[in-house]
Amino acid sequence: MYRYGKKDFRTIEEGSEKEWVLTNGIGGFANGTISGNTSRMQAGYLIASFSPPVDRYLLLSKIQERLTIADDTVDFACQLYLREPKEGHKHLQSFTYDILPEFHYQYGGFHMKKSIAMEYGHNTTAVCYEIENGSMESTLSLTPLFTCRDMGAVCTSDQQHPDTSISGQLLTLHYEQLSEHPIYFYASEGVYFDRSLIPTSMATPNYLVEENQYYLIDNRTGFGGLDNHATPYDIQVTLKPYEKKKFFCICSAEPIKTDACDGFQIAAAYRKRAEELMNMPKFQDDLSRKFALASDHFITRRDSTGLKTILAGLPWFTDWGRDTMIAMTGLTLCTGRYDDCREILASFARYEKHGLLPNVFPNTAKDEPMYNTIDASLWYFYAVERFLHYAGTEENYQFIKENIYPVLKKIITAYQNGTDFSIGMDSDGLIHGGSDKDQITWMDVRVGDWVVTPRHGKPVEINALWYNALNVMASLSTHYQDDASAYLELAAKVKESFASRYWNEEKQCLYDVVDPIEDAVRPNQIWAVSLPYTMLSKEQEKAVVQTVTEKLYTAYGLRSLAPDEPGFQKEYIGALIKRDGAYHMGTVWAYPLGGYISAYCKVHDHSPEAIQHALEMIHLIEDHMNDGCINGIAEIFDGDTPCTSRGCYTQAWSVGEIFRAYTEDILPYI
C-alpha cells in the first residue's frame, strides 16, 4: 500500500506531482492525481482503446462530487482552471494506492470513500462510493465529465454537446465524431437531474459544459491550451441522517447489462487478478511484488495478431519493437509470465520485414508500422536467449525452432547482405547503419532537418548486440543440430574487430561510434559489458564501468551524455523543440540503469560489497516509485539534478530493466 496524507497535497500543484494509473489489458487506462486534479490531456477515468492497443479515446474525464447540507454546499472537486480553481483537496483526508486508487474525504460528520477500478479486457471503468452521513439529511450530487476525443487532444466548448437519452438508471451519449461508439453510463443509486434546468444568466457558468480546464503538466511542456467537457446531468443521491450507503457508477464503451452489473465486483475482480500476478514472481519480497504489479500496466493484447504485446510507456506510447525486446525479460520472465513472453515473441515475428522488426506501431490501426530501427532485431536475439534461459523446456525450444528460429536466420542474413536504412555488415564483420537524416538507434530525435544526435556508422551497442546475436544463433544451431561454425567464425572476427576499433585509451572507455569516430562519453557502452555474450577483457570492463560511474551514473538512471561534453543539456523542460534538443544530450534515462547494475555486479564478481551497493541503488529507485507515477518508473529525468520525472510517467523498459537486474544480479546473491 502507498499512503499519502495532507502533507502531500497541501496545494493542488503539490498533489499533482503524484499520479496513479490503472490499465485494462487492451490498451485502455485510467489515470489521475492524488489530489483529484486532472493535470494532463492523457488523463481521465476512462480512456478506451477501440483497436487494441491503439485508437485511444478519452470518454470520461472524472466524476466531481458536491455535498449539500441545508443551505451549505461543499465541493469535493479538485481542478485547476484558467481562473479560480476548485479546491476539494482541502476536504481530502488521505489517498491510498493499494492496487486501486482510493480517496478519503471528510466534512463534519460526513465521510466518503471513493475508489476507481477498470474491468480487465473491457473498455469499462467503475467508480465506487462508500458513504457515512452525519447528523443531518444531505444530498450528494455527482457530475460526470464526459468527452469524446483523441487522448492527446483537447476540445473546445462547442464540441461538447452530445445527444443523450436516459432509460432508468442508464444514460447513453452519442458524439458525432465517434458515432459508432456510444458512451454508456450507469448509476446504481440516485436521480438524474438535467443541468439545462439550472437557471442561468450572463454572469453564471455554463452548466452543460465544464469549461477551461488547465493542465499543469502539459503547461510545463509548452502547451497553452484549455480543455472542456460535457456535463449534461447530475446524479443526485439523498442521504438520511447517519445513513451508510454503498453505490457505484459504471462508464463503458460497451453496452451495460443494468440487471447484472456491479461496480464493487469489478473492483474486487481487478484486485484479485492483481494479487494473483503479485504471487507469480520467484522471489516474493515486497519490492518484487510491486514490480509484478507495475509490469502488468504494459502487457496488452494486440488485435492485429490476437497475441500479447508490450506498450512502451504510459500515457502515450504504443508497442515499439526495441522497447519491447529490452523490457520483456523484466516484465514477463522475472514476473513468471512465460506464456505472455511466448506470445510477444510470436507477435513480433509476424511483423519481420527485410530482417527488421517494427520500431513503432502507430497510434491508429489503419496506419502501417515503421521499421526505422537498427537495434530492435538485434535485441530480439537477446529476448529469445533470456526466454530460454528462464523457461528452457523442450516444449519451448520446439516453439522457438518452429516460430522464431527461421526469423532469426532471416535477420542474420539481412544484416550480412545489407537491408533498409543502410544497415549492413562491413568487411571487418561489424554492422553499420544510417545515412543522411536517418535516426535508427534509440537516440532517435530529429527535428525537421536537424538530426540532434547523429550516430551514423557503427554504434557501439549495435555491434555488442551483433556479437551477442551471433553467439545466440550458434547456441541455438547446436541445440537444433545445425552447423554452428559460420556463426562462431563470424563472432570471432567481430570480437577481434571490436577490440581493435572501439577502445578509447584516453578516456578509458569505448567510443560511442566508429567510422566515423565519436568519442563523447555516452551510456551505450554499458551493454558491451552487461549482455550475455561480451568481448572485452576484464580490465576493460572494469574501466568502462568506472568511467560510466564517474560521468553518467545518477540515482535515477544514466545520463545520455557526460556533463563535461560539448552540448550537454541539464534540463528537459519547456517547448517541444527545447525538449527534443535535450532528450539525448544529457537527460537521464532510467532503463540503462538495469544494464549498469548488471555490469557493476559482474566486474566486481557479485561480491557481498558489490551486491550491497547495488541494493542501495535499487532502494533509491524504490523511493522514486513513491513519487511521480505511483509504483511506476518514469522514462527520463533532468540531467543536472534528476529529481522530477519527465516524459512518460511510467516506462516499460525502465520498469523491466531495473526489475531484471534486481532479479538476476542482486536477489540470488543475498
Identify the single condition in (1) part of a loop (DSSP other than H, G, I, E, B); (2) over 20 Å from residue 83 (Cα atoms); (3) without any contact (Cβ under 8 Å) to a residue 40 or more places away in the chain that residue 181 does not satisfy, given that it satisfies every other one.
-> (3)
The lone condition residue 41 fails out of (1) in a strand (DSSP E or B); (2) open to solvent by 10 Å² or more (accessible area, probe 1.4 Å) is (1)
Taking region 228-270 and keeping only residues that are more than 30 Å from residue 134 (Cα to Cα) and among the basic types (Lys, Arg), one is left with 257
Meets criteria (of a type in the set (Phe, Trp, Tyr), touching a Phe, Trp or Tyr at 6+ places or on another chain (Cβ under 8 Å) and over 17 Å from residue 130 (Cα atoms)) for residue 105 = no
Residues being within 30 Å of residue 274 (Cα to Cα) and aromatic (Phe, Trp, Tyr): count how many of those fall in region 60-116.
-> 5
Within region 586-598, is there a residue that is touching a helix residue (DSSP H, G or I) at 6+ places or on another chain (Cβ under 9 Å), under 15 Å from residue 658 (Cβ atoms), surrounded by fewer than 21 Cβ atoms within 10 Å (Cβ to Cβ) and of a type in the set (Gly, Ala, Ser)?
-> no
Within region 422-445, the count of residues that are of a type in the set (Lys, Arg) and buried (at least 22 other Cβ atoms within 10 Å of the Cβ) comes to 0
Hey, can you tell me all the residues within region 472-488 that are assigned to a helix (DSSP H, G or I) and either crowded, with 17+ Cβ neighbours inside 10 Å or not β-branched (Val, Ile, Thr) (or both)?
-> 472, 473, 474, 475, 476, 477, 479, 485, 486, 487, 488
Restricting to strands (runs of 3 or more DSSP E) lying wholly in region 57-172: which have 2 or more residues that are within 25 Å of the chain's Cα centre (by Cα) and buried (at least 17 other Cβ atoms within 10 Å of the Cβ)?
-> 92-98, 100-107, 110-118, 124-132, 138-150
Taking region 489-519 on its own, how many of its residues are crowded, with 17+ Cβ neighbours inside 10 Å and part of a loop (DSSP other than H, G, I, E, B)?
-> 3
Got at least one residue in region 441-450 being under 30 Å from residue 582 (Cβ atoms), among the small types (Gly, Ala, Ser) and not in a helix (DSSP H, G or I)?
-> yes
Name the one entry in 513, 548 that is touching a strand residue (DSSP E or B) at 6+ places or on another chain (Cβ under 6 Å) and either in contact (Cβ under 8 Å) with a residue 12 or more places away in the chain or not small (Gly, Ala, Ser) (or both).
-> 513
Which members of region 298-335 meet the condition of being part of a loop (DSSP other than H, G, I, E, B) and either of a type in the set (Asp, Glu) or open to solvent by 10 Å² or more (accessible area, probe 1.4 Å) (or both)?
-> 303, 304, 305, 306, 316, 317, 319, 320
From (1) more than 14 Å from residue 509 (Cβ to Cβ); (2) buried (at least 21 other Cβ atoms within 10 Å of the Cβ); (3) not acidic (Asp, Glu), pick out the condition that doesn't hold for residue 561.
-> (1)
Within region 197-240, track down each residue that is among the small types (Gly, Ala, Ser) and part of a loop (DSSP other than H, G, I, E, B).
-> 201, 203, 222, 224, 225
Residues of region 1-34 being of a type in the set (S, T, N, Q) and within 21 Å of the chain's Cα centre (by Cα), which ones?
-> 16, 23, 24, 31, 33
Residue 605 is checked against (1) assigned to a helix (DSSP H, G or I); (2) out of contact with any helix residue (DSSP H, G or I) (no Cβ under 7 Å at 6 or more places or on another chain) and fails just one. What number does that condition carry?
-> (1)
Being over 24 Å from residue 266 (Cβ atoms) and either in contact with a Ser or Thr (Cβ under 9 Å, 6 or more places away or on another chain) or surrounded by fewer than 18 Cβ atoms within 10 Å (Cβ to Cβ) (or both) narrows 240, 245 down to just 240
Of 594, 586, the only residue that is free of Cβ contacts under 8 Å to residues at least 60 places away in the same chain and either assigned to a strand (DSSP E or B) or closer than 30 Å to residue 31 by Cβ (or both) is 586
Selection from region 623-670 of residues that are touching a Pro at 6+ places or on another chain (Cβ under 8 Å), closer than 21 Å to residue 316 by Cα and in a loop (DSSP other than H, G, I, E, B) | 648, 649
Sort out which residues of region 267-297 are open to solvent by 30 Å² or more (accessible area, probe 1.4 Å) and not in a helix (DSSP H, G or I), and write them in order of number.
-> 279, 280, 282, 283, 284, 285
Which ones in region 240-256 are over 32 Å from the mean Cα position of the chain (by Cα) and on the phi < 0 side of the Ramachandran plot?
-> 240, 241, 243, 244, 245, 246
Single condition residue 610 does not satisfy, out of (1) in contact (Cβ under 8 Å) with a residue 40 or more places away in the chain; (2) in a helix (DSSP H, G or I) = (1)
Of the residues 61, 49, 39, 35, which single one is within 23 Å of residue 316 (Cβ to Cβ) and in contact with a Lys or Arg (Cβ under 6 Å, 6 or more places away or on another chain)?
-> 49
Any residue in region 382-404 that is in contact (Cβ under 8 Å) with a residue 24 or more places away in the chain, within 30 Å of residue 580 (Cα to Cα) and not in a loop (DSSP other than H, G, I, E, B)?
-> yes
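The values are calculated or read from the model by the stated rules, or taken from the named source; none is laboratory data. Remember, it's a predicted structure, so these values are computed and weren't measured experimentally. Positions of Cβ are backbone-derived with ideal geometry, glycine not excepted, and every protein chain shown enters the neighbour counts. Note: accessible area is taken over every heavy atom of the protein model, side chains too, but ligands, DNA and RNA are not part of it. Shrake-Rupley method; radii C 1.70, N 1.55, O 1.52, S 1.80 Å.
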